[in-house]
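Report on one structure; see the data block that follows.
The values are calculated or read from the model by the stated rules, or taken from the named source; none is laboratory data. These numbers come from a predicted model, not from an experiment. Glycine also receives a Cβ, built like all others from the backbone with ideal geometry; neighbour counts cover every protein chain displayed. All accessible areas refer to the heavy atoms of the entire protein, side chains included, with ligands and DNA or RNA removed. Shrake-Rupley method; radii C 1.70, N 1.55, O 1.52, S 1.80 Å.
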Amino acid sequence: MGVGRASILGAAVASAALVLTAVSAVPATAHTRDGHHPGHGHGHGNGNGHRDAYVALGDSYTSGPLIPDQVDANCARSNRNYPSLVAQRLRGTVLTDVSCGGATTAEMWKAQGSNPPQLDALSRRTSLVTLQIGGNDVGFGSIIRTCAGAAVSDPTGNPCEKYYSAGGTDQLRAAVEATAPKIDAVLDAIHHRAPRARVVVVGYPALLPDSGVGCRPAVPFADGDFAYLRDTEKRLNAMLARRAKAAHATYVDTYTPTVGHDMCTAPGVRWIEPLTPAAPAAPAHPNALGEEAMAAAVLDRLCVRGRI
């Protein structure tokens, strides 16, 4: 790898880690495409003046950083993210989207820049809640940075797995397990604040090839680490599914329907952009097609049919 290529990849890795672990700076627009102020509810009435209240909670995989149109610079939030698409299909629904790039479970209770605590958006009038959180608690951003750096010295081995398993304990497995009670606490708080709401926990889409076969240098992880990182994401999703079931919430699998559209696939096919995106999206994040796929998965679990 030449110095120029290394510099480009290094910048891309740093950018991906920044979006995952901190709020991105994105040009703001005053309103969403349909003319409503970002963060405020929007939707269609059902003919009798009643509107169902839908609140979207989550991190950057929910907010949709860099996907046009960006409607909240503080949180890198798009009006074409999956909550917006779901709300468009749910007739009679008003959406309050407080998802925010860089959010962890802690931001459910505390402000994130100008974004208030996400749980504050809930009330007894809330009828639907989607929650996609936990990736930043596990450390998606630092994992990308660490694994890409380790690959430089051992590109055909599994240096990232060795690093996180040094001492006989898989640190990423432990991080997933440590996140479980945090998810429980969030779900408990949602049920307390919105006791009438249907609660939907949304998993993470397939970021890397389900086969475990990598695509270095396009995605600069060592060959042997692709399967390890794939399994770590699957472990996170499995934990989210268990915690959802324990809390009598609905789990939405966005991994299975996005297999074959990971960041190693070609532009136009992929729904997750690699560390150097070709479509408007943050590195290692869903593009507009990925947000549409997640919206379709949510609507399917809600038994809502039809095109996005």
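With every protein chain present, what accessible area does Cys75 have (1.4 Å probe, heavy atoms only), rounded to the nearest 10 Å²?
Accessible area of Cys75: about 0 Å².
Keeping all protein chains in the complex and leaving out DNA, RNA and ligands, what accessible area do you get for Thr256 with a 1.4 Å probe, in Å² to the nearest 10?
90 Å²
Count the net charge of all other residues whose Cβ sits under 13 Å from the Cβ of Val199, scoring Lys and Arg as +1 and Asp and Glu as -1.
Result for the local shell: +4.
Run the numbers for Arg125 and Ala189: contour at 0.36 nm per residue of separation, minus the present Cα-Cα distance, in nm.
My answer for the length gained is 21.5 nm.
What does the net charge come to around Asp120 if you take all other residues with beta carbon closer than 12 Å to its beta carbon, with K and R at +1 and D and E at -1?
Net local charge, Asp120 excluded: +1.
Please list 3J(HN,Hα) in residue order for segment 217-229, calculated via the Karplus relation 6.51 cos²θ - 1.76 cosθ + 1.60 where θ = phi - 60°; whole Hz, with x for glycine and proline.
Values, residue by residue: x, 4, 10, x, 9, 5, 3, x, 9, 4, 5, 5, 6 Hz.
In segment 71-191, carbon and sulfur make up what percent of the accessible area (probe 1.4 Å)?
51 percent
Please report the accessible area of Ile67 (heavy atoms, 1.4 Å probe, ligands and nucleic acids excluded) in Å², nearest 10.
0 Å²
Averaged per residue, what accessible area in Å² does segment 78-136 show with a 1.4 Å probe, protein chains only?
That works out to 31 Å² for each residue.
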